[in-house]
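Here's the structure we're looking at; comments come further down.
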Amino acid sequence: MPTSPPAALTLAAARRTALAAQGFSAARPSAAPTRRTVMKVLDSTRLLQLDSVSAVVRAHYAPVFSRIGAYDRTLLDEAAWQHSARRPRQLIEYWAHEAALIPVADWPLLRWRMVRYRHGRWNGMRKVLDRNPALADDVLGVLKQFGPSTAGEIEKHLELDRPRSKDNWGWNYSDTKVVCEALFAAGELTVPTRVGFQRHYDLTANVLPAEVLSREPDEAEAVLELVRRAARAHGVGTETDLRDYYRLHRSQTEPAIAALLETGELEQVRVEGWDKPAYLHAEARIPRRVTGAALLCPFDPLIFFRDRTERLFDFHYRIEIYTPEHKRVHGYYVFPFLLDGELVGRVDLRAERASGRLLVPAAFAEPGRATARVAGALAGASRELADWLALDTIEVGEKGDLAPELRREIARARPIA
């Protein structure tokens with residue numbers, strides 16, 4: 001029986017679809033954001049990546065700001081790292097895309113990954129477990145007795161003073177910290193609270209509700225749900241896009257996509273300029289236009305898969321944190337700038353809290369975008385970011401073709417350092 005060819009989307013339509021799916025087509029709240037407003041962002045993104053870099057603001061806070069504007073960050077902290085009968089925990093940490101906050105209800109969908117990680121998430125972790133066969137039980141024993149604790153506190157309870165290895169570059173974790181992370185990866189421990197962004201571990205059974213702990217979907221069922229969530233978060237995407245969102249494997253995503261095509265939840269489409277089939281979610285919106293400005297942190301779910309970012313926006317982006325300074329092209333911690341549905345520039349940013357300054361060492365326009373309009377919008381977005389972070393002044397450096405105009409635009413609005 002002949003079948004009709006897949007529907008076609010222009011690249012611009014695919015871009016608008018992706019932006020709508022990620023929450024960028026919705027109007028910003030007119031009143032002060034509440035916890036419900038913050039959690040509505042998670043309805044779109046499904047996850048917020050965690051990262052230790054605090055050059056501007058921690059990575060999990062920034063995507064919420066990009067979508068709803070200034071908000072009280074304690075709203076997100078409380079949803080993830082506090083719990084009471086009146087205001088139960090709504091987010092939990094686990095390995096999703098990378099380390100991430102996910103809705104508590106989604107935790108069981110990653111049990112299959114916890115099983116795979118039961119002997120460690122990486123080879124070095126497994127070696128630590130092998131040479132300390134009793135340490136995992138010792139850690140669990142401490143937490144049962146003393147409750148939520150940092151790795152350092154656990155070591156003190158165990159009366160350990162183990163020097164950290166100096167042999168390898170990296171996080172330089174103690175064996176106790178590595179074992180805590182292994183138990184976290186295996187799902188036996190979770191993180192009920194953070195203090196100064198330092199993890200406090202506890203038994204997962206003490207943190208998650210019984211109805212969540214009791215759910216044990218098999219891998220195929222769980223992966224189907226994860227791909228369903230990824231498809232909603234993308235609006236339209238290729239198999240590699242859907243695979244990357246939760247760091248799945250092709251052997252997992254292909255059967256899930258086939259099942260979602262069969263039920264009509266996905267439709268195969270062709271996107272202008274893409275060399276792979278794409279999949280449009282049945283409930284995806286394709287707005288006629290997307291307006292507004294937003295600075296996107298390097299770990300924003302809209303752009304954290306760099307291949308997709310390049311296909312959608314013709315925007316080649318690589319984070320340069322680990323690149324030697326003299327080899328960096330755009331800067332240390334660069335935020336792409338979204339304006340009216342397109343990525344039109346990028347700025348290197350740094351929050352210098354001690355002096356109350358937002359530093360902009362470099363500002364670049366994309367080819368053909370170095371206009372007064374772009375600079376004006378970027379000045380407004382930079383001022384909004386500075387105000388949210390309680391920084392008084394913005395200091396623009398000399399690097400980049402957009403820097404002189406950005407400096408002038410900011411100076412017009414408010415005196416600049």
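The values are calculated or read from the model by the stated rules, or taken from the named source; none is laboratory data. Since the model is a prediction, treat every value here as computed from it, not as a measurement. All Cβ positions, glycine included, derive from the backbone under ideal geometry; neighbour counts span all protein chains shown. Heavy atoms of the whole protein, side chains included, go into the accessibility calculation; ligands, DNA and RNA do not. Shrake-Rupley method; radii C 1.70, N 1.55, O 1.52, S 1.80 Å.
So who's got an amide H within less than 5 Å of the one on Thr150, skipping anything under 5 residues away but keeping other chains? H placed 1.01 Å off N, in plane.
Amide H to amide H, under 5 Å and 5 or more residues apart or across chains, Thr150 pairs with Tyr201.
Can you work out the accessible area per residue across region 23-168, with the rest of the protein chains kept in place, probe 1.4 Å, in square angstrom? Write down the numbers at each step before the final one.
On the way: 7180 Å² over 146 residues.
For region 23-168, the solvent-accessible area averages 49 Å² per residue.
Can you figure out the FRET efficiency of Lys144 with Arg250, using R₀ = 56 Å and their beta-carbon distance, to the nearest 0.05? List each step's numbers first, then the result.
Numbers: r = 40 Å, r/R0 = 0.72.
About 0.90, to the nearest 0.05.
Please identify, among Thr240, Thr323, Thr309, the residue showing maximal mean-square fluctuation in a Gaussian network model of the chain using a 10 angstrom Cα cutoff.
Thr323
In cubic angstrom, how much convex hull volume per residue do the alpha carbon atoms of region 98-251 span? Show your work: numbers first, answer last.
On the way: hull volume 21.6 nm³, N = 154.
For region 98-251, the hull spanned by Cα atoms encloses 140 Å³ per residue.
Along the charge dipole of the chain, pointing to its positive end and built from +1/-1 on Cβ of Lys, Arg, Asp and Glu, which listed residue (Trp107, Val57, Ser251) has its Cα farthest out?
Projecting each Cα onto the dipole axis, the largest value belongs to Val57.
Can you tell which of Gly235, Leu183, Leu76 lies farthest toward the positive end of the dipole of the chain, using +1 and -1 charges on the Cβ of basic and acidic side chains (Lys, Arg; Asp, Glu)?
Leu76
About its Cα centre, how strong a charge dipole does the chain have in debye, to the nearest 20, once Lys and Arg get +1 and Asp and Glu get -1 at the Cβ? Walk me through the intermediate numbers first.
On the way: 59 positive and 55 negative charges, 152 e Å.
Dipole of the chain, to the nearest 20 debye: 740 debye.
Tell me the carbon and sulfur percent of the accessible area for the chain, rounded to whole percent, probe radius 1.4 Å. Working shown, then result.
Numbers: 9830 of 19660 Å².
Solvent-exposed carbon and sulfur of the chain make up 50 percent of the total.
Determine ³J(HN,Hα), in whole Hz, for all residues of region 99-115 in sequence, where each value follows from phi through the Karplus function 6.51 cos²θ - 1.76 cosθ + 1.60 and θ = phi - 60°; x replaces Gly and Pro.
4, 7, 8, 10, x, 3, 5, 8, 4, x, 5, 10, 4, 4, 6, 4, 5
Within the chain, which whole H helices from DSSP have a Cα span along their axis of at least 18 Å and a mean Kyte-Doolittle hydropathy of -1.0 or more, if any?
On the way: long enough: 219-234 (22 Å, -0.14); 250-263 (20 Å, -0.09); 372-388 (24 Å, 0.24).
Length and hydropathy pass: 219-234, 250-263, 372-388.
In nm, to one decimal, how far is the modelled label at Lys327 from the one at Thr240, with both set 7 Å along Cα→Cβ?
Going from the Lys327 label point to the Thr240 one covers 2.3 nm.
Computed from the coordinates I sent, semi-axes √(5λ) of the Cα gyration tensor in Å equals one of [x] 36, 30, 20; [y] 32, 22, 21; [z] 33, 27, 17. Tell me the label.
Evaluating semi-axes √(5λ) of the Cα gyration tensor in Å on these atoms matches [x].
Nearest 5 is fine: what % of DSSP beta bridges in the chain come out antiparallel, could you say?
Details: 36 of 44 bridges.
The answer is about 80 percent antiparallel.
Can you give the relative contact order of region 1-149 as a percent, counting alpha carbon pairs under 8 Å and 6+ residues apart? Present the calculation step by step, with values, prior to reporting the outcome.
Details: 119 pairs, mean separation 23.5, N = 149.
Value for region 1-149: 16 percent.
Ignoring ligands, DNA and RNA, what accessible area per residue does region 217-295 give at 1.4 Å, in Å²?
Value returned for region 217-295: 49 Å² of accessible area per residue.
Over what distance in Å are the Cα centres of region 267-294 and region 223-261 separated?
15 Å
Give me the percent relative contact order of the chain, please, defined on Cα pairs under 8 angstrom at least 6 residues apart.
Numbers: 712 pairs, mean separation 69.5, N = 417.
Answer for the chain is 17 percent.
Might you report the magnitude of the Cβ-based charge dipole of region 214-309 about its Cα centre, with Lys and Arg at +1 and Asp and Glu at -1, to the nearest 20 debye?
Working: 14 positive and 17 negative charges, 107 e Å.
Dipole magnitude for region 214-309 comes out near 520 debye.
Kindly rank 250-257, 121-128 from highest to lowest mean number of other beta carbons found within 10 Å of each residue. Could you put the intermediate results ahead of the total?
On the way: 250-257: 17.4, 121-128: 14.8.
Ranking the peptides 250-257, 121-128 by packing returns 250-257, 121-128.
Can you compute the charge dipole magnitude of region 153-287 about its Cα centre, using +1 on each Lys and Arg Cβ and -1 on each Asp and Glu Cβ, nothing else charged? Give it in debye, rounded to the nearest 20.
Details: 17 positive and 25 negative charges, 106 e Å.
Dipole of region 153-287, to the nearest 20 debye: 500 debye.
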